[in-house]
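Have a look at the structure below before the remarks.
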């Protein structure tokens, strides 16, 4: 996939460090049968792209052909732990430990033994609440591997990934020290091996944050080409495109990924649609709605409704099934439509994902509150209360915080509808501050509706245009080219009699939407203002 970017972005490059050594391409698992080396290296390449179902199958096939290949056991165990996605369950932790138990580290090469030694630290107990401690122990041992094998590409890449795994356990850490460290290590690796899929993939994750995303643009531009047989690799550039508000590039990336996931579903004979395809669908939905391509979004939502069964019922699937319909209604500001959403599929195990269920009821509640149906809004808010209580103590911090934010945001709009404006604004601001304190999970392109944008909306409705403009601009600082934040900023500037500022934002809105957008009333509003038909 080749992406065409505006000239201003083409000059963005990563800061590369001086190269002290040349990375080697020695066999990953020299203790295994030599004739399996190519298969093993291919499995590791896919592991770097998080293609876990396929890597599990490949490593198991290798183990069948060479029962003494200890590193095949390592590969299967690595495919159980998804470092940047979700902590493994107690059962998965037990499975990983059992896979590693028969391995005798003394029979392995030094590098192999260090890989196994590190992974044993992660699978050292089966208590999910010990996740951060186990990740820290794993990272410390991976540092030993890295320091003793600086000339090995995969050792460098997997150590950088371990740093990102540790960073993911504390989404409130805004220093990004671990992410910067990983990015620096990967910059060295990219200097020696420019097309290494792990170096490219993990660079994107290192800088998938507001204000940092431009540092990974170079990696995003070429990653899909470096790992073309991976649906996740096709999708990953869109993390950076989304952060930078490059919606057309995000659409291209996720369109390719959804097609790749469909192809893999059939090729692998999966029992249901490949879950990675749903992850790409939500990113694609988000990008369509930011460019006002509502007809395309509607067709995508219809396609999602036809998928039904996926190959696994995991958090990515739960997120997309809850988020995409909610986005479709809320981003278009169809409040009544949002209030009447139905959770689908009905046979999905929603009770395992209360935080995802909460997103659905958040959409219904917000839609009800903003369409003057306060009785329904209060009913939905009570459901969110119950879902908050149903979350286990091991729920990731981001999911937990989002449920609290959703609860406060809905409460603020109910209070506003009741005429308690100052109390409502205070709650809305608190929700925005709470959401901003925690970085988003990689599964989502953005919140269902940003709490700060909702706070800005309330300020604008309350006639406090200059304050609203400031809040919309804060949203745009972290989410460039977000359609409704740009629209809100234009309206707020107009309300504050800042004509030139309003013109700039309305013009930007028309540029974002382009010529293929659906006919939103707000686009006609922008055209009239820019043409001078309104003052």
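The values are calculated or read from the model by the stated rules, or taken from the named source; none is laboratory data. Bear in mind the structure is a predicted one, so any value in this text is a computation, not a measurement. Heads up, the Cβs are rebuilt from the backbone with ideal geometry, glycines too, and the neighbour counts pull from every protein chain shown.
Going through 140, 165, 157, 199 one at a time, which residue ends up being free of Cβ contacts under 8 Å to residues at least 24 places away in the same chain and in the same structural domain as residue 97 (by TED's automatic domain parsing)?
After ruling out the rest, the residue left standing is 140.
Output the helices (runs of 4 or more DSSP H) that fall wholly within region 151-234 and possess 1 or more residues being within 17 Å of the chain's Cα centre (by Cα), modelled with pLDDT of 95 or more and under 24 Å from residue 252 (Cβ atoms), or say none.
Fully inside region 151-234 and qualifying: 197-206, 217-226.
Select, from 218, 245, 211, 272, the only residue that is surrounded by fewer than 24 Cβ atoms within 10 Å (Cβ to Cβ) and in contact with a strand residue (DSSP E or B) (Cβ under 7 Å, 6 or more places away or on another chain).
Result of the check over 218, 245, 211, 272: 272.
Look through 464, 482 and report the one residue that is crowded, with 23+ Cβ neighbours inside 10 Å and either touching a helix residue (DSSP H, G or I) at 6+ places or on another chain (Cβ under 9 Å) or over 18 Å from residue 286 (Cα atoms) (or both).
After applying the criteria, what remains is 482.
Return the residues of region 91-123 that are in a loop (DSSP other than H, G, I, E, B) and surrounded by fewer than 17 Cβ atoms within 10 Å (Cβ to Cβ); say none if nothing qualifies.
101, 102, 104, 109
Condition first: in a helix (DSSP H, G or I), within 24 Å of residue 399 (Cβ to Cβ) and modelled with pLDDT under 95. Now tell me which residues in region 46-89 satisfy that.
52, 53
Kindly check whether there is at least one residue in region 335-350 that is touching a helix residue (DSSP H, G or I) at 6+ places or on another chain (Cβ under 7 Å), crowded, with 21+ Cβ neighbours inside 10 Å and closer than 20 Å to residue 482 by Cβ.
There is at least one residue in region 335-350 that is touching a helix residue (DSSP H, G or I) at 6+ places or on another chain (Cβ under 7 Å), crowded, with 21+ Cβ neighbours inside 10 Å and closer than 20 Å to residue 482 by Cβ.
Considering only region 489-516, state which residues are surrounded by fewer than 15 Cβ atoms within 10 Å (Cβ to Cβ), at pLDDT 95 or above and not in a helix (DSSP H, G or I).
497
If you go through region 115-134 one residue at a time, how many are under 25 Å from residue 201 (Cα atoms) and touching a residue at least 40 places away in the same chain (Cβ under 8 Å)?
Residues in region 115-134 being under 25 Å from residue 201 (Cα atoms) and touching a residue at least 40 places away in the same chain (Cβ under 8 Å): 7 in total.
With the requirement that a residue be surrounded by fewer than 21 Cβ atoms within 10 Å (Cβ to Cβ) and in contact (Cβ under 8 Å) with a residue 12 or more places away in the chain, what does region 297-314 give you?
Passing the criteria: 298, 301, 303, 305, 307, 308, 309, 311, 312, 313, 314.
Say whether the condition of being under 28 Å from residue 81 (Cα atoms), in contact with a helix residue (DSSP H, G or I) (Cβ under 6 Å, 6 or more places away or on another chain) and modelled with pLDDT of 95 or more is met by at least one residue in region 289-298.
Among the residues of region 289-298, not one is under 28 Å from residue 81 (Cα atoms), in contact with a helix residue (DSSP H, G or I) (Cβ under 6 Å, 6 or more places away or on another chain) and modelled with pLDDT of 95 or more, which makes the answer no.
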